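Sharing a structure, written as structure tokens. Questions coming.
Every number here is computed from the coordinates shown, using simple stated rules; none is lab data. This structure is a prediction, so every number in the text was calculated from the model and none was measured. All Cβ positions, glycine included, derive from the backbone under ideal geometry; neighbour counts span all protein chains shown.
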Amino acid sequence: MPCPGLKVSHVIFVIVILITIIFYSSLNGRNFILDPRRHLNHRKNDPNVLPNRTISPTAADKALLVAPLPALKREKCNVFQIVIQGCGFSVLNKTLENAHQQEKNYTQLLLAQQKEQFQQQQQQQQQQQEQEQESAPEHVDNIQRIPNPSAAKRSAQGSPSSASSSSSSSVVPQKPQTAAPEPDGEKVIKTRDLYHSGHLPDAACVTNLCPNNGTDVTLLILVTSAPTHREQRLAIRQSWGHYGSRRDISIGFIVGQTNEARVEDQLAAESYMYSDLIRGNFIDSYRNLTLKTISLLEWTKLHCPNASFLLKTDDDMFINVPKLLQFMESHNSQRRTIFGRLAKKWKPIRNKKSKYYVSPEQYYPPVFPPFTTGPAYLITADIIGEMFEKSLSQTYLKLEDVYTTGIVAQLLNIHRVNVKEFLNRRIAFNQCNIKKAISIHMVKNNEQLDLWKKLIDISVTCT
């Protein structure tokens, strides 16, 4: 007769208990020690592992291998002790605790190893920086004149008479020339401490551009150009530069010096061919554009003091010479004046990352004085000498138009007049635009001749 109240679930529970007791009884006398060995090649049995492939043990692995886990004491337990007293489970708990402790020690060893590697990398970087600083050349604030080999040879072979004819454009001194301040250096330095007077001697150039001190020269056009801009100069000579063949117009190019012998030889050959290159005593760079303009003023003062007007322009400009001559004729009586595109109330850029950055130490006022923009401006010849002398006494600024036609002209009370025909920007190249403008900016080499042809085309009438 079945037992009253006995359920199937009770029977199952009793069976599970019995099975559990029997299982733990079978564990009696077994050793619960875990093997602490760490297999260096844990993919040893993997068929995809390449032959002879091994993994080098790390420092942490070696530390763990040297210090194995302590052996656990074997415990013998009967069924009653397993069920009631939990015999045998202490060994398992200790094993788990040892495993956790082993993992903790391994993590600490890894962190210590990474910290040591990081410190070693920092020490290596510091040593490398110190070596670079020791091996790097000292900062040089001076620019050494790079002599023109051809010019020096001609000077050495020249006769006393030829030497005297170029005495006003003396041979450049050998002492070093101070460089212009770096854009981010915020240096305050007088221009006279940077500028060295004189030009490479070239009597043929002086005779070609300004014979008799420019007595017959009404308009002297001096184009500032870079040493490597040979194609730009050639494009001007073949286009609007043709007006330089007139007796009352002279067109020359002013170029600085380089430290490349190949470029210097090319410039010497170009000067010998055309006799229209003026070589100033400065290294040609963007930071030295102001020095280039001052050199231009000095050359005009020395060799062309009798010219009526001086046009300073760049080699990417197209100049409508006939229109300019008409303008000069209508302003022939003007004195102490600079004509051009007038810029007013321009503020200095204080962003050090900008190409046009000006530090407060170099120029403190919040607004620049009115100035004519650099691509092209016309100067009456009566103020050339004054501007040259005054420009040497001011704090150097690499923005040549602001410095020359703004700061220096303001100090000398020179009038600056806005002329709308000085566009100093790129425009649409139609014939009427070209005929009405005096100067056009951003003209490419292959466009110079095209604009000149449109200028001299008399078949088109513009109102």
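Cα gyration tensor of region 353-437, axes a ≥ b ≥ c as square roots of the eigenvalues: rounded (a/c below 1.5), prolate (a/b > b/c) or oblate?
oblate
Whose amide H sits under 5 Å from the amide H of Tyr377, counting only residues 5 or more places off or on another chain, with H placed in the peptide plane?
Lys312
Based on the Cβ-Cβ distance from Ile456 to Tyr364, what FRET efficiency comes out when R0 is 45 Å, to the nearest 0.05?
Working: r = 49 Å, r/R0 = 1.09.
Efficiency at R0 = 45 Å is approximately 0.35.
Quick one: what are the phi-derived ³J(HN,Hα) couplings along region 297-302, Karplus 6.51/-1.76/1.60 with θ = phi - 60°, whole Hz, x for glycine and proline?
Residue by residue, region 297-302 yields 5, 5, 4, 5, 4, 7 Hz.
If you don't mind, there's one more thing I want to ask. Using 0.36 nm times the number of residues separating Asp193 and His242, minus their current alpha carbon distance, what extension gain do you get? Mind dumping the intermediate values first?
Numbers: separation 49, 0.36 × 49 = 17.64 nm, distance 3.85 nm.
Taking 0.36 nm per residue and subtracting the Cα distance, the gain is 13.8 nm.
What chymotrypsin sites (Phe, Trp or Tyr not before Pro) in region 314-370 are in a loop by DSSP, with at most 14 other Cβ atoms within 10 Å of the Cβ? If you can, show how the numbers build up before the last one.
Details: sites: Phe318, Phe327, Phe339, Trp346, Tyr356, Tyr357, Tyr363; in loops: Trp346, Tyr356, Tyr363.
Within region 314-370, the qualifying chymotrypsin sites (Phe, Trp or Tyr not before Pro) (loop, at most 14 other Cβ atoms within 10 Å) are Tyr356.
Excluding Thr218 itself, calculate the net charge of residues whose Cβ lies under 11 Å from the Cβ of Thr218, where each Lys or Arg counts +1 and each Asp or Glu counts -1.
On the way: positive: Arg246, Arg247; negative: Asp216, Asp248, Glu329.
Cβ neighbours under 11 Å give a net charge of -1.
Next question, about the same structure. Taking amide H atoms as placed 1.01 Å from N in the peptide plane, list the residues 5 or more away in sequence, or in a different chain, whose amide H sits under 5 Å from that of Leu423.
Here Ile438, Ser439 satisfy the definition.
Oh, and also: Express the relative contact order of region 228-379 as a whole percentage, based on alpha carbon pairs under 8 Å and six or more residues apart in sequence. Please list the in-between numbers first.
Working: 139 pairs, mean separation 33.0, N = 152.
The value is 22 percent.
Then there is this: Percent antiparallel among DSSP beta bridges with both residues in region 196-327, to the nearest 5?
On the way: 1 of 17 bridges.
Once the DSSP bridges in region 196-327 are tallied, antiparallel ones form about 5 percent.
Here is a follow-up. Quick check on my link table: of Lys398/Lys454; Lys345/Lys398; Lys312/Lys347; Lys420/Lys454, which ones sit more than 29 Å apart, alpha carbon to alpha carbon?
Working: Lys398/Lys454 36 Å; Lys345/Lys398 19 Å; Lys312/Lys347 24 Å; Lys420/Lys454 21 Å.
Beyond 29 Å between Cα atoms: Lys398/Lys454.
Taking amide H atoms as placed 1.01 Å from N in the peptide plane, list the residues 5 or more away in sequence, or in a different chain, whose amide H sits under 5 Å from that of Phe371.
Answer set, sorted by chain and number: Ala343.
Right, another one. DSSP loop (so not H, G, I, E, B), at most 16 other Cβ within 10 Å: list which trypsin sites (Lys or Arg not before Pro) in region 396-463 pass both filters. Could you put the intermediate results ahead of the total?
Working: sites: Lys398, Arg416, Lys420, Arg425, Arg426, Lys435, Lys436, Lys444, Lys453, Lys454; in loops: Lys398, Lys420, Arg425, Arg426, Lys444.
Passing both the DSSP loop test and the Cβ count: Lys420, Arg425, Arg426, Lys444.
For region 250-309, rounded, prolate or oblate, judged on the Cα gyration tensor with a ≥ b ≥ c (square roots of eigenvalues), a/c < 1.5 rounded, else prolate if a/b > b/c? If you can, show how the numbers build up before the last one.
Working: a/c = 2.88, a/b = 1.32, b/c = 2.18.
Note, shape of region 250-309 comes out oblate.
Same structure again: Please work out how much length the chain gains when fully extended from Leu234 to Ile15, using 0.36 nm per residue of separation minus the C-alpha to C-alpha distance, in nm with one decimal. Write out the running numbers ahead of the final one.
Details: separation 219, 0.36 × 219 = 78.84 nm, distance 10.92 nm.
Stretched out fully, the Leu234 to Ile15 stretch lengthens by 67.9 nm.
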